[in-house]
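Reviewing the structure listed below.
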Amino acid sequence: MERRAAGRKLNIPLLLILAAGLFARLWLFGSVPGGLNQDEAFAGYEAWSLLSTGRDSAGYVFPVYLTAWGSGMNVLESLLMIPFIALFGLKVWVIRLPQLIVGCLSVWVLYLTGRRLLGERAALASAFLLAICPWHVLLSRWGLESNLAPGFLLFGLYFFLRGLEDGRFFPLSALLYGLSLYAYATVWPFVPLLLALQLDICAASGKLRSGKGLLPAGLLLFALALPLLLFLAVNEGLLPEIRTPFFSVPKLLVMRSGEISLRHIPENLKNLLAILLRQSDSLPWNSAGSFGLLYWPSLPLALLGLALALRRSFRRGWHPESLLLVNLLMGLLLGALISVNVNRVNILFIPLVLLAGLGAGWIWDRTGRKGALALAAAYTVLFLCFESWYFTDYRERIGPLFHEGLDQAVEAALAEEGPVYVSDTVLYPELLFYSRTPPEEFRETVTYERYPAAYLRARSFGRFRIGLKGAAEKAGCAILAPEDIGAFLEAGFTLKSYGNFTLALRE
């Protein structure tokens, strides 16, 4: 009885941490940030197209990689959106649900993972740091498809650790690692290397006592990777496109195979170091202003955790911190081989949070309850200040960048007759999303500025004409950005404001 009570008491901090994490991600979810990013708009439209027609916007039956933009987009986010769109319709908050759910689960799973890697105190500290982490809060509240990768790699690591205890968990780990490949194409070469190193460390330390579950796990991972291997073969010209009644392997207009390169390692590492030191890449959707990605005290905590993990890993026997270092290494390798911003090197930050948790756990061990409470209080103050900033200043800043108000302007414009002219600050996936243009109509009517191209810009489809050159003389209806209003006022249009956009109607 006393043991159970103690267990419940130990979990109170975890419950408070989970509550804080849920609040940070759920409060005003769907309205902050307002509007849509063009990539999440495209992912949402593709999900709606797959649900409605069984094909993406380019006409491929459930492609293993979307052809969006001409150079493609990861498919997992769109696939995860489909059941939510089926239940609730195509809405902004609906298409953000997969990222929200993965983000919320990540806080809990990080605790479970940290407990096995680092111990109870470091696990609680890690979960707390992730629950209130500006980078992760921002990431969880909108739906950039590549930002699913950190969560799925974390889930894969957790069940890998469970597999060391019971081999029946290895196939589940393989499933999650395999799904991470569909979340972010840049991790394709790193996931097999990560798993090879993890297995080698466990085997060398005697932790991998049985191969139970490894064979089915390996077969499952290969099965999940095979469509992507075919995709690479198709896009390298080794195979023709594969079209079946159940799935497709498309050939992209432009294959971005040159993103991973050995030629720019010094420059990439310099850029990565600058991002880590500044805790920003200056992109508003990634960066939390003066609060930093992980809060400023987290960087010295992570360095302390790194020193502790390295020291323990060089000792003989089983030291699970070695697995954390391998995951950190993969993030650093990714940052060295590509030109990075925060979302491109997103797999680096979960290991950094765990290292900061290890450093905080060490301080807790050395200073006792008073030291832990002082550290928690300092981070709580930072978190409350961040939340206040996020729902005020940040909300106002991100709204125009995510084109808040465009949905209302599009709805009002489509209630009018004739062509709808649109400011060229608006990208066509946003119009597809808000107008629910049937995919067949889009394919039949779309014209592009340049074709083929790595990033296609549609100039017209359906009733939409993107670009306002000469529109004040010939348009009956136009959606304007703030800088476009003057010419239409002079031409005698009636103007109605919708957030960051204005609908101009000819009298």
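The values are calculated or read from the model by the stated rules, or taken from the named source; none is laboratory data. Please read these numbers as outputs of a predicted model, since none were measured by experiment. Using ideal geometry, Cβ is built from the backbone for each residue, glycine included, and neighbour counts are taken over all protein chains shown.
Of all positions in the range 106-122, at least one carries a residue that is in contact with a helix residue (DSSP H, G or I) (Cβ under 7 Å, 6 or more places away or on another chain), free of Cβ contacts under 8 Å to residues at least 40 places away in the same chain and assigned by TED's automatic domain parsing to the domain that holds LEU148. Of the helices (runs of 4 or more DSSP H) lying entirely inside the range 438-507, those containing at least 2 residues that are charged (D, E, K, R) and at pLDDT below 95 are 471-474. Here is the figure for the range 252-300: residues that are among the small types (Gly, Ala, Ser) and either surrounded by fewer than 19 Cβ atoms within 10 Å (Cβ to Cβ) or touching an Asp or Glu at 6+ places or on another chain (Cβ under 7 Å) (or both) total 8.
Residues checked against (1) in contact with a helix residue (DSSP H, G or I) (Cβ under 7 Å, 6 or more places away or on another chain); (2) in the same structural domain as GLY289 (by TED's automatic domain parsing):
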| site | (1), (2) |
| --- | --- |
| LEU384 | no, yes |
| VAL410 | yes, no |
| ARG450 | no, no |
| ALA454 | no, no |
| ALA458 | yes, no |
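Might you check whether a residue that is β-branched (Val, Ile, Thr) and more than 27 Å from LEU373 (Cα to Cα) occurs anywhere in the range 135-151? For the range 135-151, residues β-branched (Val, Ile, Thr) and more than 27 Å from LEU373 (Cα to Cα): absent.
You will find that of GLY492, GLY467, GLY499, GLY486, the residue that is farther than 13 Å from ALA413 by Cβ, free of Cβ contacts under 8 Å to residues at least 12 places away in the same chain and assigned by TED's automatic domain parsing to the domain that holds GLU444 is GLY486 and no other. Here TYR65 meets the list (1) closer than 28 Å to TYR177 by Cβ; (2) at pLDDT below 95 almost entirely, failing just condition (2). SER322: in a loop (DSSP other than H, G, I, E, B) and either of a type in the set (Gly, Ala, Ser) or in the same structural domain as ALA183 (by TED's automatic domain parsing) (or both), yes or no? Considered against the rule, which asks whether it is in a loop (DSSP other than H, G, I, E, B) and either of a type in the set (Gly, Ala, Ser) or in the same structural domain as ALA183 (by TED's automatic domain parsing) (or both), SER322 comes out as no.
Given the options LEU76, LEU50, name the one that is touching a residue at least 40 places away in the same chain (Cβ under 8 Å), in contact with an Asp or Glu (Cβ under 8 Å, 6 or more places away or on another chain), hydrophobic (A, V, I, L, M, F, W, C) and closer than 19 Å to PHE246 by Cα.
From the options LEU76, LEU50, the qualifying one is LEU76.
Across the range 440-469, the qualifying residues are those that are of a type in the set (Val, Ile, Thr) and closer than 17 Å to ALA58 by Cβ, and the one among them that is surrounded by the most Cβ atoms within 10 Å (Cβ to Cβ) is VAL446. Might you let me know whether the range 183-197 holds any residue that is in contact (Cβ under 8 Å) with a residue 60 or more places away in the chain, among the aromatic types (Phe, Trp, Tyr), under 24 Å from LEU334 (Cβ atoms) and out of contact with any helix residue (DSSP H, G or I) (no Cβ under 7 Å at 6 or more places or on another chain)? Scanning the range 183-197, I find no residue that is in contact (Cβ under 8 Å) with a residue 60 or more places away in the chain, among the aromatic types (Phe, Trp, Tyr), under 24 Å from LEU334 (Cβ atoms) and out of contact with any helix residue (DSSP H, G or I) (no Cβ under 7 Å at 6 or more places or on another chain), so the answer is no. Counting the residues of the range 165-195 that are surrounded by fewer than 22 Cβ atoms within 10 Å (Cβ to Cβ), of a type in the set (Phe, Trp, Tyr) and in a loop (DSSP other than H, G, I, E, B) gives 1. Taking the range 325-361 as the range and being of a type in the set (A, V, I, L, M, F, W, C) and within 14 Å of LEU129 (Cβ to Cβ) as the test, the residues that pass are PHE349, ILE350, LEU352, VAL353, LEU354, LEU355, ALA356, LEU358, ALA360. Determine, yes or no, whether PRO351 is in a helix (DSSP H, G or I) and either in the same structural domain as VAL137 (by TED's automatic domain parsing) or surrounded by fewer than 22 Cβ atoms within 10 Å (Cβ to Cβ) (or both). Spelling it out, PRO351 is indeed in a helix (DSSP H, G or I) and either in the same structural domain as VAL137 (by TED's automatic domain parsing) or surrounded by fewer than 22 Cβ atoms within 10 Å (Cβ to Cβ) (or both). For PHE155, the stated conditions do not hold, so it cannot be described as more than 23 Å from VAL342 (Cβ to Cβ), assigned by TED's automatic domain parsing to the domain that holds VAL353 and in a helix (DSSP H, G or I).
The selection criterion, being of a type in the set (Val, Ile, Thr) and surrounded by fewer than 17 Cβ atoms within 10 Å (Cβ to Cβ), does not hold for THR437.
Per-residue answers, yes or no, for (1) at pLDDT 95 or above; (2) closer than 22 Å to LEU299 by Cα; (3) surrounded by fewer than 24 Cβ atoms within 10 Å (Cβ to Cβ); (4) out of contact with any strand residue (DSSP E or B) (no Cβ under 7 Å at 6 or more places or on another chain):
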site	(1), (2), (3), (4)
ARG116	yes, no, yes, yes
GLU120	yes, yes, yes, yes
LEU124	yes, yes, no, yes
LEU129	yes, yes, no, yes
HIS136	yes, yes, no, yes
LEU139	yes, yes, no, yes
GLY151	yes, yes, no, yes
LEU157	yes, no, no, yes
ARG162	yes, no, yes, yes
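LEU272 satisfies every condition listed in (1) more than 21 Å from the chain's Cα centre (by Cα); (2) assigned by TED's automatic domain parsing to the domain that holds TRP364 except (1).
Here is a yes/no grid of residues against (1) farther than 30 Å from SER298 by Cα; (2) touching a residue at least 12 places away in the same chain (Cβ under 8 Å); (3) touching a strand residue (DSSP E or B) at 6+ places or on another chain (Cβ under 6 Å); (4) crowded, with 22+ Cβ neighbours inside 10 Å:
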position: ALA356; (1), (2), (3), (4): no, yes, no, yes
position: LEU373; (1), (2), (3), (4): no, no, no, no
position: TYR390; (1), (2), (3), (4): no, yes, no, yes
position: ASP393; (1), (2), (3), (4): no, yes, no, no
position: GLU396; (1), (2), (3), (4): no, no, no, no
position: HIS403; (1), (2), (3), (4): yes, yes, no, yes
position: ALA412; (1), (2), (3), (4): yes, yes, yes, no
position: VAL422; (1), (2), (3), (4): yes, yes, yes, yes
position: LEU431; (1), (2), (3), (4): yes, yes, yes, yes
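Considered as a group, the residues in the range 303-335 that are surrounded by fewer than 18 Cβ atoms within 10 Å (Cβ to Cβ), in contact (Cβ under 8 Å) with a residue 12 or more places away in the chain and of a type in the set (Gly, Ala, Ser) include one that is nearest to VAL187 (Cα to Cα), and that residue is SER313.
All of SER248, SER257, SER261 fail the test of being under 26 Å from THR67 (Cβ atoms), in contact with a strand residue (DSSP E or B) (Cβ under 6 Å, 6 or more places away or on another chain) and not basic (Lys, Arg), apart from SER248.
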